[in-house]
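Enquirer: Dumping the structure here so I can ask a few things about it.
The values are calculated or read from the model by the stated rules, or taken from the named source; none is laboratory data. On a predicted model such as this, the values are computed, not experimentally measured, just so you know. Cβ atoms come from the backbone with ideal geometry, glycine included; neighbour counts cover every protein chain shown.
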Amino acid sequence: MSPAILFVCDAGPVTGGGHVMRSLTLAEALSAAGARCSFVETPAVKALLDVYAPRMARTPAGSGTVEEIVEAARAASAFDAVVFDHYGLEVKDHRAGGAGRPVLVIDDLANRPLLADMVLDSGPDRRAEDYRDLVPAGTALLLGPAHAPVRPAFAALRSRTLARRLEPDPPRRVLVSLGLGDLGAITGRVVEAILPLCEDLQLDVVLGADAPSRTKVSALALVYPHVTLHIDSQDMAGLASRADLAIGAGGSSSWERCVLGLPSLLLILADNQRAAARALETAGAVMALEATGQDPALTGALCEDFCSLVQDSRLRMGMSLAAAEVCDGQGAARTATALLTLISRP
């Protein structure tokens, strides 16, 4: 009988949709390998699944409190393993929700004890010693971007896109994608800031249906024909492939842009994104900017770096090569194989 995997993810206005999206990518890889997957369904998780994976099986969890999530996972005894992608859960929750089954925890923080048989942390600077006192002895560690869950559509476009990146043509398209939740209405601020610099550039702006910047960006798209708004886009790989540069957030979308060698301004929107963003910057794969508050200096720094990327073809090509070295897009398949091997052990 095929193994059954239960996913427990966080989502919401502050958290955004990144946990669900990367878990969906892993679930798709597991399904391709013959597993059956289901998600513990809170209202926020439901909203994302209804758009991006309407056929995905669900396990209801009431209003979505931590207690209800953990109880839903514990009670779902038909599943052979549990995947937790939720920073608000700790050892007691992993123990209760795991209920003696193999547990994979997807993490980026390495800042709290975890009860896991396997930990996935795709941070580019993550090392095994970071988890030395946080996980039980014998916990398998899947570390670095080689294990980052990236949707297969990105890897499918990789070779063709990277070849185009090495052509010294002037940029034509810019992708602005700062998270479906649009934390702090950052997308509207960014689009307004760069519009005067984009007379000869097509702007593809991606937002979630409930993003606070939607009204503003919709109005801008009506006035400026070179601005196109994409709501809950189902073709992020295509948009990233066609773009010549991007303004994006940290988190799992960073690896998607790296797979396609997309030169990027990376805005750090949360404290947990900072370490990975700075490591990518050190590697030459991105230009990183702090954007965790309403700092008025952001606009000036953003426009300065944006102009550098637009005007300097060598800078773009160098960033593209560095980004492509970071991640090859095969991480979900590698992680799925490792988890299924863990489950199959007697």
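Enquirer: Quick check, is THR59 surrounded by fewer than 21 Cβ atoms within 10 Å (Cβ to Cβ), farther than 30 Å from ALA279 by Cβ and within 24 Å of the chain's Cα centre (by Cα)?
Expert: Numbers: surrounded by fewer than 21 Cβ atoms within 10 Å (Cβ to Cβ): yes; farther than 30 Å from ALA279 by Cβ: yes; within 24 Å of the chain's Cα centre (by Cα): yes.
Against the criterion (surrounded by fewer than 21 Cβ atoms within 10 Å (Cβ to Cβ), farther than 30 Å from ALA279 by Cβ and within 24 Å of the chain's Cα centre (by Cα)), THR59 qualifies.
Enquirer: Now for a different question. Given the criterion of a type in the set (Gly, Ala, Ser) and in a loop (DSSP other than H, G, I, E, B), identify the matching residue among GLY181, GLY188.
Expert: The conditions single out GLY181.
Enquirer: Next question. Please go through segment 190-205 and give me each residue that is surrounded by fewer than 16 Cβ atoms within 10 Å (Cβ to Cβ) and under 26 Å from the mean Cα position of the chain (by Cα), ordered by number.
Expert: GLU192
Enquirer: OK, next. Just name the residue that is modelled with the highest pLDDT out of those in segment 163-189 that are loosely packed, with under 14 Cβ neighbours inside 10 Å and either closer than 18 Å to CYS258 by Cβ or of a type in the set (A, V, I, L, M) (or both).
Expert: Looking at residues that are loosely packed, with under 14 Cβ neighbours inside 10 Å and either closer than 18 Å to CYS258 by Cβ or of a type in the set (A, V, I, L, M) (or both), I get ALA163.
Enquirer: Collect the residues in segment 263-307 that are at pLDDT 90 or above, out of contact with any strand residue (DSSP E or B) (no Cβ under 6 Å at 6 or more places or on another chain) and not in a helix (DSSP H, G or I), keeping them in residue-number order.
Expert: ALA283, GLY284, ALA285 - these are the residues of segment 263-307 that are at pLDDT 90 or above, out of contact with any strand residue (DSSP E or B) (no Cβ under 6 Å at 6 or more places or on another chain) and not in a helix (DSSP H, G or I).
Enquirer: Enumerate the pairs (first residue in segment 322-338 and on the phi > 0 side of the Ramachandran plot; second residue anywhere and part of a helix (DSSP H, G or I)) with beta-carbon separation below 7 Å, excluding pairs fewer than 6 apart on the same chain, so at least 6 apart or on different chains.
Expert: The qualifying pairs are GLY329/PHE154; GLY329/ALA155; GLY329/ARG158; GLY329/VAL259.
Enquirer: Looking for something under 17 Å from GLY123 (Cβ atoms) and charged (D, E, K, R) - is there at least one such residue anywhere in segment 276-288?
Expert: Yes, segment 276-288 has at least one match.
Enquirer: When you look at ALA78, is it surrounded by fewer than 15 Cβ atoms within 10 Å (Cβ to Cβ) and farther than 27 Å from GLN330 by Cα, yes or no?
Expert: Yes, satisfied.
Enquirer: Taking interchain pairs and intrachain pairs at least six residues apart, which have beta carbon atoms under 8 angstrom, with the first residue in segment 247-266 and more than 15 Å from MET287 (Cα to Cα) and the second in a helix (DSSP H, G or I) and of a type in the set (Phe, Trp, Tyr)?
Expert: Close Cβ pairs (under 8 Å, with a partner that is in a helix (DSSP H, G or I) and of a type in the set (Phe, Trp, Tyr)) amount to GLU256/PHE154; VAL259/PHE154; LEU260/PHE154.
Okay, residues lined up against (1) at pLDDT 95 or above; (2) in a helix (DSSP H, G or I):
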site	(1), (2)
MET1	no, no
ILE5	yes, no
VAL20	yes, yes
CYS37	yes, no
GLU67	yes, yes
GLU71	yes, yes
GLY97	yes, yes
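Enquirer: Another question, then. Could you please find all residues in segment 214-232 being over 18 Å from GLU199 (Cα atoms) and either of a type in the set (D, E, K, R) or within 24 Å of the chain's Cα centre (by Cα) (or both)?
Expert: Of everything in segment 214-232, those that are over 18 Å from GLU199 (Cα atoms) and either of a type in the set (D, E, K, R) or within 24 Å of the chain's Cα centre (by Cα) (or both) turn out to be ARG214, LYS216, HIS230, ILE231, ASP232.
Enquirer: Taking the condition of a type in the set (Gly, Ala, Ser), buried (at least 20 other Cβ atoms within 10 Å of the Cβ) and within 30 Å of GLN330 (Cβ to Cβ), does GLY208 pass?
Expert: So GLY208 fits the description; yes.
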